[in-house]
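The values are calculated or read from the model by the stated rules, or taken from the named source; none is laboratory data. What you see is a predicted model, and the numbers here were worked out from it, not measured in a lab. As a convention, Cβ positions derive from the backbone with ideal geometry for all residues, glycine included, and neighbour counts pool all protein chains shown. We work out accessible area using only protein heavy atoms, side chains counted, and drop any ligands, DNA or RNA first. Shrake-Rupley method; radii C 1.70, N 1.55, O 1.52, S 1.80 Å.
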Amino acid sequence: MADDYQELGTTGLRRVGGFIIDDQLSALRGTNAVNAWREMSDNDPIVGALLFAIEKLILKVDWRVDPYSGAGEDPTESDVAVADFVDGCRGDLNESWSSLLQGILTMLPYGFSFHEIVYKKRGGPNQTDPTKKSRYSDGKIGWRKIAYRAQETRWQWNFGPDGGLESMVQWDPSTGRHAIIPMEKALLFRTTTAKANPEGRSILRNSFRPWYYKRRIEEFEAVGIERDLAGLPIAYVPPALLSSTATDAQRASLNAITEIVQGIKRNEQEGVVFPLAYDEAGNEMFRLELLSSGGARQFDTDKIIARYDQRIAMTTLSDFILLGHEAVGSFSLGSSKIDLFTTAIDAWARSIADVFNDHAIPRLLKLNGMDTARCPKLTYGDIGAVDLTVLGDFITKLAQAGALVPDEGLEDWLRELAGLPPSDHSSPMSSLIPGLGGPDEVLP
């Protein structure tokens, strides 16, 4: 019975001290993984496109702080005031909310994003002390920074006796200094919490294999094209230069000729200087030839690379970005793929909001002596765009069937959804424009 209150097992996370070694591939552990994700993000156009699409969609979303609202309970004036305070702290950071989100979204390629919270006492806009400068002068404690700590600076993780994460050790590449950042003043964003792994799991993990082979094929393809354009260079040299008994001078000559052969390219600097020498019998001792291309290769590398591109995009449900390039696919198919993509983005946005709601906001309220049992919530609007034609047809059919009665609330929501200005309900459009009144209006 006593064991019911004790934790006997572990998550099974493979680690050595503070270093995570959970991935099957050694090339995707620790610093190797960080380097791989950065190369994929910076150098691959498909990976860059999908990360760009995700970032811009999340940055476009309307983020807000809603007051506490219990089950069937309306927010009180105090709840609204606390929500306004938290939202004010969000806008009082030393960087924009969009910039903060950009740092948080690095969790997608790297699997995690670590941020250090730095507080300040709000002393007004005229303060020269950065620990007190604020838009507000109420003396409350707010967020000064939620500072991004780059993934490549992560040195190791510190775990407690029960396996819980206690802190991250950061290594500064400029100074070589190590800093221990406790979790009590940090926010850790992850794509997944499986095995309680602080490094999460990169959304590019399943695309690593197709990316790796695609990169190699592209390199071979580039070399092949270069060789096809220049021809295959062959140098004929005296046998003595290839002999194991060659003198130092002969080996030096062979190395120089080898460098010439390997460096032959068709560009603005093309040209070869080669020795013209004959033996005692009058035979040419050195000769350089370019064999012509053998024609088309057995494999269509363009199709192979396109296949790998598709697999890379599929792993993040973003293969809709290839529809226009494949010259196939219907609008309905593309729409379905986009719906799946926005669903995935919604899950990542929710995970960001959860970290703020579970950790950042309660700590902020506690520092200010506020009730943490009635915390406001960071939330966000719709991720994807709504098809107004489909929505209008849906509402029309419901209204005709008597299942929906339009009111001011519905009108306001539809106007906001369509990007139209809000309605002035005190001055109905029927009084401004003839023909828009009710059924009793007599038209001229």
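So between Asp424 and Ser99, what do we pick up on full extension, going 0.36 nm a residue minus the alpha carbon distance? Don't jump to the answer; show the numbers that get you there.
Working: separation 325, 0.36 × 325 = 117.00 nm, distance 3.53 nm.
Full extension from Asp424 to Ser99 adds 113.5 nm.
Show which lysines lie in cross-link reach of Lys366 when reach means a straight Cα distance below 29 angstrom and same-chain residues fewer than eight apart are skipped.
Straight-distance partners of Lys366: Lys120, Lys121, Lys132, Lys133, Lys140, Lys145, Lys185, Lys377.
Using only Cα positions of region 182-246, each an equal point scatterer, no hydration layer, compute I(q)/I(0) via Debye at q = 0.17, 0.23, 0.24, 0.27 Å⁻¹ and quote the log10 values to two decimals.
These q points yield log10 I(q)/I(0) values of -0.84, -0.97, -1.00, -1.10.
Please compute, over every Cα-Cα pair in region 17-62, the percentage with a separation greater than 14 angstrom.
Counting pairs separated by more than 14 Å, the tail of P(r) holds 62 percent.
Counting other C-beta atoms within 10 Å, and keeping those with at most 14, which DSSP coil GluC sites (Glu not before Pro) do you find in region 74-124?
Glu95
Measuring from label point to label point, each 7 Å out along Cα→Cβ, what is the Ala252 to Asp302 span in nm?
Computed distance between label sites Ala252 and Asp302 equals 4.9 nm.
Of the options Ile352, Ile338, Leu367, report the single residue whose Cα projects farthest towards the positive end of the charge dipole of region 336-376 (beta-carbon charges: Lys, Arg +1; Asp, Glu -1).
The residue sitting farthest along the positive end of the dipole is Leu367.
List, in order, the whole-Hz ³J(HN,Hα) value for each residue of region 96-107 obtained from phi through the Karplus relation with A = 6.51, B = -1.76, C = 1.60 and θ = phi - 60°; use x for Gly and Pro.
6, 4, 5, 5, 4, 4, 4, x, 5, 6, 5, 5
Return one whole number: the accessible area per residue of region 167-244 in Å², for a 1.4 Å probe.
Numbers: 4300 Å² over 78 residues.
Here the residues of region 167-244 average 55 Å² of exposed surface.
Can you give me the three principal axis dimensions of region 2-114 from its C-alpha atoms, in Å, biggest first?
For region 2-114, the Cα extents along the three principal axes come out at 55, 55, 27 Å.
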